[in-house]
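Student: What follows is a structure written as structure tokens; I'll ask about it next.
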Amino acid sequence: MKYGVIGAGAMGYRYGILLKENANVEVDFIDTWKPNVEKVKSQGGVYVSRDHQNKKLIPINMYYPEEYSGHPDVWIIFKKQMQLSEELERDSKAGLFHKDQYVFSAMNGMGHFEKIDQYFDENHIVTGTAMIATVLNGPGDVDFMGPKNSEAMHMAPYKNYSLNDTTKSIFNDFDRATLGPVMADEWLGMCMTKVIFNAVVNTLCTMFEIRMGELIQYEGVPDMARQLFNESFDACERANIPLLGTRQSNVQLVIDSCHALKYHYPSMYQDFSKGRNTEVDYINGYIAKIGRSNDYICKTHEFVVHEVHLAEKMRQFKK
Ligand SMILES: NC(=O)C1=CN([C@@H]2O[C@H](COP(=O)(O)OP(=O)(O)OC[C@H]3O[C@@H](n4cnc5c(N)ncnc54)[C@H](OP(=O)(O)O)[C@@H]3O)[C@@H](O)[C@H]2O)C=CC1
Ligand SMILES: CC(C)(CO)C(=O)C(=O)O
């Protein structure tokens, strides 16, 4: 199958390049960030390294939406939550979307599938989550964090539609790409399980401006994680969202992932450190919203949302 990546940033590059290099499928990249598109065009591709090593230029085809006339079978979308509506509107106006196409996304946070649903048939949407750490060093320069074959992800058809030949082919291509796909039984619990993980790791690392391996050096982190997971589980149970694992196994996942991805600054920190707004409203804020709609107040998550926004605002006073 042919793939088109919308959002050639850290994760868009990671998926597209692994598919192209390992699954040997055709991949085109669409981006609207001018410095990135121009850099790729002038250097003839994207520089890729793994854990800061073995930097090499991989030739790729990169287009602005308005330049593109291809017809991929599947779109892979990786934008920041707050960029998505504008991106989809621009892509749609540029005539990129067609009735037969499928779409996959493993963005962090929640709110993106309702937006994607406005442009694609709901049984053509494949949801995903990615425990894959990637850093965009700058335009046209991406760094895959973690050793080869450490990539791990979940996927499931949106609204639990049955698997069909296309969704199975996407799974097989992701598998050959070494993205480590696991097909989940239920889409919403799968997505929310990643949200509650990011609501611990991304927010704490961002507020303290630290790597995951530094976070886990503090012996109080399992307790802090437990407090946040307890609220997340309480809210999701009231909303009948079946999270993967138990409260305790999710605490353990935080501990294990922080050791495995010890050099990684979570994507939220990458936005924070570059002076951009973070996805916190779509992560802790989304959990808090589920709580409020089910007569449950996630006090800690609501406080954390304020803390991250406070940290964003305070950047102006720092040198
Ligand atoms: N990175 C990761 O490890 C993971 C990320 N995710 C999720 O995937 C989705 C896409 O995230 P991700 O791929 O990380 O984000 P991107 O790499 O796509 O973000 C890059 C965007 O940030 C802006 N930007 C501006 N200046 C810079 C700069 N100097 N360096 C880098 N970027 C700059 C640009 O948009 P503009 O100029 O328009 O602001 C650019 O398009 C998100 O939902 C994220 O949470 C999920 C799992 C892991
Ligand atoms: C890589 C990972 C899993 C770390 O929290 C992530 O989701 C991110 O960086 O946003």
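The values are calculated or read from the model by the stated rules, or taken from the named source; none is laboratory data. None of the values given here were measured: they were computed from a predicted structure. Note that we place each Cβ from the backbone using ideal geometry, even for glycine, and neighbour counts take in every protein chain shown.
Student: Does at least one position in the range 64-71 carry a residue that is in contact (Cβ under 8 Å) with a residue 24 or more places away in the chain, part of a loop (DSSP other than H, G, I, E, B), more than 16 Å from ligand 2 (Cβ to nearest atom) and under 24 Å from ALA130 (Cα atoms)?
Tutor: Checked against the condition, which is being in contact (Cβ under 8 Å) with a residue 24 or more places away in the chain, part of a loop (DSSP other than H, G, I, E, B), more than 16 Å from ligand 2 (Cβ to nearest atom) and under 24 Å from ALA130 (Cα atoms), the range 64-71 yields no hits at all.
Student: Counting residues that are out of contact with any helix residue (DSSP H, G or I) (no Cβ under 7 Å at 6 or more places or on another chain), which helices (runs of 4 or more DSSP H) fully inside the range 187-255 reach at least 3?
Tutor: Because the criterion is at least 3 residues that are out of contact with any helix residue (DSSP H, G or I) (no Cβ under 7 Å at 6 or more places or on another chain), the helices (runs of 4 or more DSSP H) in the range 187-255 that meet it are 187-208, 221-238.
Student: In the range 112-144, how many residues are farther than 20 Å from ASN36 by Cβ and more than 10 Å from ligand 1 (Cβ to nearest atom)?
Tutor: The total comes to 15.
Student: For the range 1-21, name all the residues that are in contact with a helix residue (DSSP H, G or I) (Cβ under 9 Å, 6 or more places away or on another chain) and surrounded by fewer than 17 Cβ atoms within 10 Å (Cβ to Cβ).
Tutor: MET1
Student: Working only within the range 287-319, note down all residues that are in a helix (DSSP H, G or I), over 25 Å from the mean Cα position of the chain (by Cα) and among the hydrophobic types (A, V, I, L, M, F, W, C).
Tutor: Result: MET314, PHE317.
Student: Taking the residues in the range 184-207 that are touching a Phe, Trp or Tyr at 6+ places or on another chain (Cβ under 7 Å) and closer than 17 Å to GLY128 by Cβ as candidates, determine which candidate is nearest to ligand 1 (Cβ to nearest atom).
Tutor: This residue is VAL195.
Student: Here's something else I'd like to know. Please verify whether the range 44-63 includes one or more residues that are crowded, with 23+ Cβ neighbours inside 10 Å, in a helix (DSSP H, G or I) and in contact (Cβ under 8 Å) with a residue 40 or more places away in the chain.
Tutor: No: zero hits.
Student: Looking at the range 124-154, which of its residues are farther than 14 Å from TYR13 by Cα, in contact with a strand residue (DSSP E or B) (Cβ under 6 Å, 6 or more places away or on another chain) and within 16 Å of ligand 2 (Cβ to nearest atom)?
Tutor: THR127, GLY128, THR129, MET153, HIS154
Student: Residues ARG211, ARG176, ARG238: which one is closer than 30 Å to GLY45 by Cβ, out of contact with any Pro (no Cβ under 8 Å at 6 or more places or on another chain), in contact (Cβ under 8 Å) with a residue 40 or more places away in the chain and not assigned by TED's automatic domain parsing to the domain that holds GLY16?
Tutor: ARG211
Student: Given (1) surrounded by fewer than 21 Cβ atoms within 10 Å (Cβ to Cβ); (2) outside the structural domain of MET11 (by TED's automatic domain parsing); (3) farther than 19 Å from GLN248 by Cβ, where does ASN230 come up short, assuming only one miss?
Tutor: Status for ASN230: all satisfied but (3).
Student: Can you say whether LEU261 is closer than 26 Å to ALA156 by Cα, within 12 Å of ligand 2 (Cβ to nearest atom) and within 20 Å of the chain's Cα centre (by Cα), as far as the supplied structure shows?
Tutor: Answer is yes for this residue.
Student: If you check ASP117, ASP100, ASP121, which single one turns out to be surrounded by fewer than 22 Cβ atoms within 10 Å (Cβ to Cβ) and either within 19 Å of ASP173 (Cα to Cα) or in contact with a strand residue (DSSP E or B) (Cβ under 6 Å, 6 or more places away or on another chain) (or both)?
Tutor: Result: ASP100 is the single residue among ASP117, ASP100, ASP121 that is surrounded by fewer than 22 Cβ atoms within 10 Å (Cβ to Cβ) and either within 19 Å of ASP173 (Cα to Cα) or in contact with a strand residue (DSSP E or B) (Cβ under 6 Å, 6 or more places away or on another chain) (or both).
Student: Which pairs turn up if I take residues in the range 1-24 that are free of Cβ contacts under 8 Å to residues at least 60 places away in the same chain and look for partners that are part of a loop (DSSP other than H, G, I, E, B) and within 16 Å of ligand 2 (Cβ to nearest atom) with beta carbon separation below 9 Å, at least 6 apart in sequence or on another chain?
Tutor: Sorted first by the residue in the range 1-24, then by its partner, the pairs are ALA8/PHE78.
Student: Any chance you could count how many residues in the range 259-283 are crowded, with 22+ Cβ neighbours inside 10 Å and away from ligand 1 (no atom under 13 Å from the Cβ)?
Tutor: 0
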